Number of protein chains: 2
Amino acid sequence: MDDRIAQTPAPPYVTVVFTSVRTGRDDAGYDAMALEMDRLAARQPGYLGVESARDAEGFGITASYWTDEAAAKAWKGVAEHAGAQRLGRERWYAAYRVRVATVTREYGP
Amino acid sequence: MDDRIAQTPAPPYVTVVFTSVRTGRDDAGYDAMALEMDRLAARQPGYLGVESARDAEGFGITASYWTDEAAAKAWKGVAEHAGAQRLGRERWYAAYRVRVATVTREYGP
């Protein structure tokens with residue numbers, strides 16, 4: 001298995017699907033912050049994993065996985081993350097959408 | 001709003017999150033099939049939209065949106081799509097994971 005694919009447990013668990021369009025502004029600052037947020041997320045209670053892809057046109061999808069909605073919501077409220085979210089809204093994302101969903105089935109090859 | 005972000009209705013609805021790693025084999029055939037599958041999916045009952053991003057290293061996430069699980073499951077079984085899935089397993093994907101989830105909350109800027 002490729003290690004970019006998250007190793008999640010048997011459902012149910014929660015995913016937060018974050019779809020975004022980058023502005024292209026301040027790419028170095030963005031990349032550093034994204035890396036730091038990945039590290040910080042991985043230390044949160046209830047974290048199960050994350051998957052992320054962004055294409056050459058700046059369109060990206062990040063799916064993070066959590067044991068339950070409370071864990072996902074707690075991560076949204078972590079202070080450093082809240083700061084990153086504010087910078088995202090003001091500077092880095094031309095558009096975005098967040099969807100919180102309960103995974104009911106999972107399969108692969 | 002960027003038109004690469006799906007315009008979905010108020011939750012609940014269903015998302016199928018397909019995470020995959022491309023082999024890099026037969027890229028022209030893959031791109032043509034992916035486009036055809038997008039067109040075909042958009043004509044299925046219960047289809048709400050799709051978002052897709054693949055990075056330069058061949059790692060991709062596609063989130064398709066459906067009114068309910070039955071609609072998502074029906075699309076999985078459509079004959080042309082089943083043929084594409086077989087080619088995907090045999091030729092195009094080094095690894096993949098499919099997660100079916102019920103969206104409970106959605107928000108944006």
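The values are calculated or read from the model by the stated rules, or taken from the named source; none is laboratory data. Values in this document were obtained by computation on a predicted structure and should not be read as measured data. Cβ sites come from the backbone with ideal geometry, for glycine too, and all protein chains shown count toward neighbours. In case anyone asks, the SASA skips ligands and DNA or RNA and just uses the protein heavy atoms, side chains included. Shrake-Rupley method; radii C 1.70, N 1.55, O 1.52, S 1.80 Å.
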Round to a whole number: what % of the accessible area of chain B belongs to carbon and sulfur, probe 1.4 Å? 53 percent
If you split all Cα-Cα distances of segment A:13-103 into 5 Å bins from zero, what percentages do you get per bin, shortest first? 3, 14, 25, 29, 19, 9, 3
Name the residues of segment B:27-73, by number, that are at least 10 Å² less accessible with every protein chain in place than in the isolated chain; the surface is that of heavy atoms, probe 1.4 Å, without ligands or nucleic acids. B:51, B:52, B:53, B:54, B:55, B:57, B:59, B:61, B:63, B:65, B:69, B:73
If I model a spin label at residue B:2 and residue B:86 as a point 7 Å from the Cα along the Cα→Cβ vector, what separation in nanometres do I get? 3.7 nm
If I stretch the segment between residue B:76 and residue B:40 completely, what's the gain in nm (0.36 nm per residue apart, minus their alpha carbon distance), one decimal? 11.8 nm
What one gets for the protein assembly as shown as the Kirkwood radius, inverse of mean 1/r over different Cα pairs in Å, is 17.7 Å
Explain nothing, just compute: Karplus ³J(HN,Hα) = 6.51 cos²θ - 1.76 cosθ + 1.60, θ = phi - 60°, for every residue of segment A:79-85 in order, whole Hz, x for Gly and Pro. 4, 4, 5, 4, x, 5, 4
Mind checking which of A:11, A:84, A:58 is farthest towards the positive end of chain A's charge dipole, using Cβ charges of +1 (Lys, Arg) and -1 (Asp, Glu) about the Cα centre? A:84
Starting from the residue with the highest accessible area, list B:59, A:18 in decreasing order, probe 1.4 Å. A:18, B:59
List the accessible area buried at the contact between A and B, summed over both sides and calculated with a 1.4 Å probe, in Å² to the nearest 100. 3900 Å²
Just want to confirm a number: the relative contact order over chain A, from Cα pairs under 8 angstrom separated by 6+ residues, in percent. 46 percent
Could you size up the charge dipole of chain B around its Cα centre, putting +1 on the beta carbon of Lys and Arg and -1 on that of Asp and Glu, and report it in debye to the nearest 20? 380 debye
Please give the per residue accessible area of segment B:13-103, computed with a probe of 1.4 Å over protein heavy atoms only, in Å². 45 Å²
With +1 assigned to the C-beta of every Lys and Arg and -1 to the C-beta of every Asp and Glu, and no other charges, what is the dipole magnitude of the protein assembly as shown about the Cα centre in debye, to the nearest 20? 440 debye
Sorting from shortest, the nanometre distances separating the label point of residue A:38 (7 Å past Cα along the line to Cβ) from those of the same residue in the other copies are 2.5
Roughly how many whole Å is it from the C-alpha centroid of segment A:1-68 to that of segment B:7-74? 18 Å
